Amino acid sequence: MFITGYAVMAGAAERLVLGYDSFGNICGRKNTPVKGAPLSGQDMTNKKYVFFLNSCSLEMQSLKISSLSLCVSSCPQEQLNSLEDLQSFARNNGSCLCVYNLNISSYTLNPKAAELCPTLPVPPSKSFPLFNRCVPQNPECYSKYASVLISMVNEMDVFHRILSAILAGRDTVIGLSVLVLAFSFILVLAFRFIRTLLVHTLIALVVFGLLFVSGVLWWLYYDYRNDPSTELETEKENVKFLLGYAIFSTIVTVILLSLILVLRKRLQFTVQLFRIVGKIIGRIPLLLFQPLWTFLILIVFWVFWVAVLLSLGTAGTAQTTSGGQVEYRALSGICYMAWYHFVGLIWTSEFILACQEMTIAGAVVTCYFNRNKNSPPPHPVLSSISVLFCYHLGTAVKGAFLVTILRIPRIVLLYLYNILKQKESACAKCLFKCCFCWFWCQENCLRYFNQHAYTTTAVNGTNFCTSAKDAVFILAKNSAKLASISCFGDFILFLGKVFVVCFTVFGGLMAFNYHRELQAWVVPLLLVGFFAYVMSHSFLSVFEVTADAMFLCFAIDMETNDGSAEKPYFVDQELLTLVSQSNKLTEGQKYRSVRPFQDNEDGTELQPMV
């Protein structure tokens with residue numbers, strides 16, 4: 001909904017996904033002629049693969065591969081050693097590997113055949129599944145092919161380095177993404193049936209993961225720094241980023257270990273909290289599947305986003321060069337569209353997550369304010385989704401927009417810091433870091449209040465601004481009662497997210513270190529870390545949103561009702577006991593005297609808070 005105006009990139013998307021030859025023809029479709037290019041405008045419907053004539057000896061000229069490329073119907077599966085082999089392959093497979101204006105019968109007769117046909121021997125190749133390129137399978141040839149691409153990356157700007165890095169590490173990124181999904185789903189099931197031993201196990205795994213990942217990062221940093229073969233610019237950038245990763249991981253490890261040590265005495269309350277949350281989820285089992293729908297929607301959106309990003313990188317206008325070849329020159333201002341596209345990534349991702357939070361909050365509110373706890377209302381999740389799409393999409397959009405506004409300055413500061421870090425003084429660098437941390441804290445605080453604003457919207461049906469004001473009012477009034485147990489529950493969930501990110505990043509480090517020929521792996525690793533956090537947040541937010549919504553409902557219940565026969569509380573006795581024990585309330589006798597309500601009693605309608 002936020003990504004518009006991409007119709008102008010349709011041609012670039014086709015050239016990227018389907019591939020194109022050196023004469024302006026898009027493989028896999030019927031083309032229109034390009035003025036000044038006699039071999040353009042051909043019907044390539046049955047020729048879907050891009051084949052380079054000298055794939056084993058590629059050369060770079062002005063960031064472009066100098067080799068001629070053709071559209072072919074199939075890639076050679078076996079090595080072709082002579083022009084006769086090329087002729088036989090063309091006749092048997094219907095795939096011509098020589099320039100289009102050379103007849104098959106002339107392969108062995110035309111004196112210029114050596115110039116118009118691929119360099120011999122032609123190595124066996126295999127089509128790349130997404131972009132339909134014939135990639136050589138010979139190890140030596142493939143290494144030369146990869147080295148040329150990486151040398152091109154050294155001369156690219158940041159935008160094109162990101163594109164090349166995503167393409168180079170695509171298989172590893174996909175594998176790690178599957179690992180993230182598995183870790184997140186296992187953790188959701190673990191929290192659903194949480195016990196004291198499980199919490200201790202999770203904390204132990206997080207501590208082990210933090211220490212292990214920090215140690216591996218420092219080891220890889222020293223290993224790469226002392227490697228004499230580190231010559232490419234991308235490899236030098238990897239060393240710098242490894243040092244940054246190691247320092248950041250060490251700081252996070254020290255902070256989290258200190259917090260675990262300080263908060264260890266409140267562990268039993270956390271177990272009780274998740275037992276209550278698990279009871280609510282047991283009444284609404286569809287809540288456990290909510291992250292799966294969110295995951296699928298995010299995957300579809302991210303695939304679309306990456307496809308458009310790559311299309312931006314290949315967008316351009318056709319220009320004829322000498323020899324009747326066609327080049328696509330980049331459009332002016334295309335990098336600015338990439339930044340706009342990046343804002344769309346953040347805003348839309350946050351909007352999807354906000355919709356999930358509102359759906360969960362609506363279902364929990366429906367369940368909490370139900371008198372008969374043994375007979376929950378029918379289809380609370382579907383009802384919550386229906387209300388969201390009919391009335392509250394604007395609330396989700398506003399909440400996501402506010403998070404985006406606070407996140408963009410952090411990204412800009414990080415970008416400026418990387419540009420100016422060689423020139424600025426230590427004081428300027430410290431100022432950049434302080435501003436970055438301030439925006440990070442503000443963003444997380446805003447997330448917390450957004451979440452409660454969504455719950456208040458589900459309770460009262462008010463707009464975002466009114467709901468946010470009411471949520472701040474009720475939280476400020478009841479912070480002493482709820483802050484302690486709620487914060488520690490959120491901390492345990494945060495440790496779960498850290499667990500997923502730590503072990504996923506560790507797997508990424510091992511995978512990228514094993515395949516050192518993929519030198520530009522910094523961006524894929526960042527992408528994997530971002531994906532791991534977002535997905536773990538999406539899955540564990542079921543418990544986080546349920547717990548926060550439950551506490552906010554409890555606060556509203558205490559404000560709206562007084563426990564009398566006319567206005568009895570909705571709260572479950574187990575939750576009431578947990579809050580009383582956690583905060584050592586002086587009014588414990590009053591809360592304990594709350595009489596159980598009967599199934600046939602009428603509820604008290606809640607009104608908007610004032």
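Using the Karplus relation 6.51 cos²θ - 1.76 cosθ + 1.60 with θ = phi - 60°, the per-residue 3J(HN,Hα) values for the range 358-372 come to 5, 5, 5, 4, x, 5, 5, 4, 4, 6, 5, 8, 10, 5, 8 Hz, with x marking Gly and Pro. Applying 1/(1 + (r/R0)^6) with R0 = 35 Å to the Cβ-Cβ distance of Ala476 and Ser375 gives a FRET efficiency near 0.50. If a spin label sat at a point 7 angstrom from the Cα of Trp293 along the line to its beta carbon, the backbone N atoms of the range 366-388 nearer than 13 Å would be those of 379-388. Amide hydrogen proximity for Val326: with H placed 1.01 Å from N in the peptide plane, the residues at 5 or more positions away or on another chain lying under 5 Å are Phe23, Gly24, Thr321.
Here the Karplus curve 6.51 cos²θ - 1.76 cosθ + 1.60, taken at θ = phi - 60°, turns the phi angles of the range 68-79 into couplings of 5, 10, 10, 8, 10, 7, 7, 8, x, 7, 10, 5 Hz, with x standing for Gly and Pro. With the whole protein complex present, Lys112 retains an accessible surface near 130 Å², based on a 1.4 Å probe. Shown is the FRET efficiency for Glu574 and Tyr222, computed with R0 = 56 Å from the Cβ-Cβ distance and rounded to the nearest 0.05: 0.60.
Under a 5 Å amide H cut-off, with hydrogens placed 1.01 Å from N, Ala37 pairs with nothing among residues at least 5 apart or on other chains.
For Ser127, the amide hydrogen comes within under 5 Å of the amide hydrogens of Val135, counting only partners 5 or more places away or on other chains and with H modelled in the peptide plane. Hey, which of these cross-link pairs are over 21 Å Cα-Cα: Lys398/Lys469; Lys30/Lys112; Lys240/Lys433? Beyond 21 Å: Lys30/Lys112. Measuring with a 1.4 angstrom probe and ignoring ligands and nucleic acids, Trp438 comes out at about 140 Å² accessible. The length gained on full extension between Cys390 and Leu189, counted as 0.36 nm times the residue separation minus their Cα-Cα distance, comes to 69.2 nm.
Ligands, DNA and RNA excluded, the heavy atoms of Ile247 present near 80 Å² of accessible surface to a 1.4 Å solvent probe.
Here the extension length gained between Ser82 and Ile247 equals 53.8 nm, from 0.36 nm per residue of separation less the Cα-Cα distance.
In this label model, Leu211 and Glu115 are separated by 6.9 nm, measuring between points 7 Å along each Cα→Cβ vector. I'd like the Karplus ³J(HN,Hα) series for the range 275-286: coefficients 6.51, -1.76, 1.60, θ = phi - 60°, whole numbers in Hz, and an x wherever there's a Gly or Pro. So the Karplus estimates, Gly and Pro as x, are 5, 5, 4, x, 5, 5, 5, x, 6, 10, x, 5 Hz. Subtracting the Cα-Cα distance of Thr201 and Leu257 from their residue separation scaled by 0.36 nm leaves 18.7 nm. Computed from label points 7 Å out along Cα-Cβ, the spacing between Val412 and Val343 is 1.0 nm.
The values are calculated or read from the model by the stated rules, or taken from the named source; none is laboratory data. As the structure is a computational prediction, the values presented were derived from the model and not from experiment. All Cβ positions, glycine included, derive from the backbone under ideal geometry; neighbour counts span all protein chains shown. With ligands, DNA and RNA removed, areas are computed over all heavy atoms of the protein, side chains included. Shrake-Rupley method; radii C 1.70, N 1.55, O 1.52, S 1.80 Å.
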